[in-house]
Amino acid sequence: MRIEDRFPRPSVMGVVNVTPDSFSDGGVNLRPGDAIASAQRMLDGGAAIVDVGGESTRPGSEAVSAEEELGRVAPVLEALHGAPVSIDTSKAAVARQALDLGAELVNDVTALRGDPELAGVVADAGAYLCLMHMQGEPRTMQAAPRYEDVAAEVAAFLEERLAFAVSAGIPEERICLDPGIGFGKSVEHNVQLVRRLDVLLALGRPVLIGLSRKRSLGRLLGDQEATTSSAAASIGAAVAAYDRGATIFRVHDVRETVEALTVAEAML
Ligand code: HH2
């Protein structure tokens, strides 16, 4: 099935970070039972899919081993078997086991640049794939993000990664693209990416976007030291991105976002 048929616009992806250090929900879901309950609540609240991750990618975060990542996510995936799940990982070993445990989408913030074996794992499983843009790497990416034309450069990067994924045997119809809000971007870059989402949409693939609780939203509200943002700010951003053509919304506040997007869909 094409990804746009499996996840019609708008679809909400609930975030379940099984990590001690994620920037808005770090530690909340580190125990498997808490993560499973959160995921279930999100599915009950209207999430089309839940995105389970065992490694934080927040600015400044350190990498973890595949063993540690798997130890965090495997019990959650086992308990959620049969529910719609995506795995937020850049590692082939983690993706392989997650797909065996029933995940249907691989969400790779490195866009297949992190692990040379990941493309083959996704292709062999016939899984859906999200390719995300990032300038630099999580440890250092917010130091000095620089672009001449952020929308054009992000689109050019994702066009190249899309071609790479297709050349590795992943059907184009199973792939969505993500501008990577906050991954090597200033507040202004993030705003421009939403405003100029048409440049990314011109590649012909559905767009997934993660604005939820990102620090840029807190900074738009005038707090220059913000490290996160409110549910209300996140929902405003989701509705704006929906209006600009985004399809899948990666969010922490599922029920509220589903309600907001349902009303927006009726009116826009
Ligand atoms: N953002 C985060 C993590 N994964 N994946 C995609 N496709 N798009 C995103 O914007 C995105 C992502 C960061 O947010 P969060 O999961 O809240 O925090 P952390 O990476 O610290 O776990």
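The values are calculated or read from the model by the stated rules, or taken from the named source; none is laboratory data. Small disclaimer: the values here were computed from a predicted structure and weren't measured. Positions of Cβ are generated from backbone atoms using ideal geometry, with glycine treated the same way; all protein chains shown enter the neighbour counts.
Only residues that are modelled with pLDDT under 95 and surrounded by fewer than 22 Cβ atoms within 10 Å (Cβ to Cβ) were counted across segment 1-30, and they come to 9. Segment 1-110 holds helices (runs of 4 or more DSSP H) entirely within its bounds, and those carrying 2 or more residues that are under 25 Å from Val239 (Cα atoms) and more than 16 Å from the ligand (Cβ to nearest atom) map to 3-6, 32-44. When segment 239-251 is examined, which residues are found to be part of a helix (DSSP H, G or I), within 18 Å of the chain's Cα centre (by Cα) and away from the ligand (no atom under 12 Å from the Cβ)? Within segment 239-251, Val239, Ala240, Tyr242 meet the criteria.
Applying the condition of being surrounded by fewer than 24 Cβ atoms within 10 Å (Cβ to Cβ) and more than 15 Å from the chain's Cα centre (by Cα) to segment 166-183 and asking which residue is nearest to Leu211 (Cα to Cα) yields Arg174. Of all residues in segment 39-59, those being surrounded by fewer than 23 Cβ atoms within 10 Å (Cβ to Cβ) and either at pLDDT 90 or above or charged (D, E, K, R) (or both) number 9.
With the condition kept exactly as written, say whether any residue in segment 122-136 is in contact with a Pro (Cβ under 9 Å, 6 or more places away or on another chain), over 30 Å from Val191 (Cα atoms) and either in a helix (DSSP H, G or I) or touching a residue at least 40 places away in the same chain (Cβ under 8 Å) (or both). Give the steps one after another, and end with the answer.
Taking segment 122-136 and keeping what is in contact with a Pro (Cβ under 9 Å, 6 or more places away or on another chain), we get 123, 126, 132-133, 135-136.
Pick out the ones that are also over 30 Å from Val191 (Cα atoms) and you get 123, 126.
When the remaining residues are screened for being either in a helix (DSSP H, G or I) or touching a residue at least 40 places away in the same chain (Cβ under 8 Å) (or both), the result is 123, 126.
Yes, because at least one residue in segment 122-136 is in contact with a Pro (Cβ under 9 Å, 6 or more places away or on another chain), over 30 Å from Val191 (Cα atoms) and either in a helix (DSSP H, G or I) or touching a residue at least 40 places away in the same chain (Cβ under 8 Å) (or both).
Every residue in segment 190-228 that is of a type in the set (Gly, Ala, Ser), over 17 Å from the mean Cα position of the chain (by Cα) and within 16 Å of the ligand (Cβ to nearest atom), please. Result: Gly218, Ala226. Taken as a whole, the structure places Leu101 among residues that are more than 30 Å from Leu193 (Cα to Cα), surrounded by fewer than 24 Cβ atoms within 10 Å (Cβ to Cβ) and touching a residue at least 12 places away in the same chain (Cβ under 8 Å).
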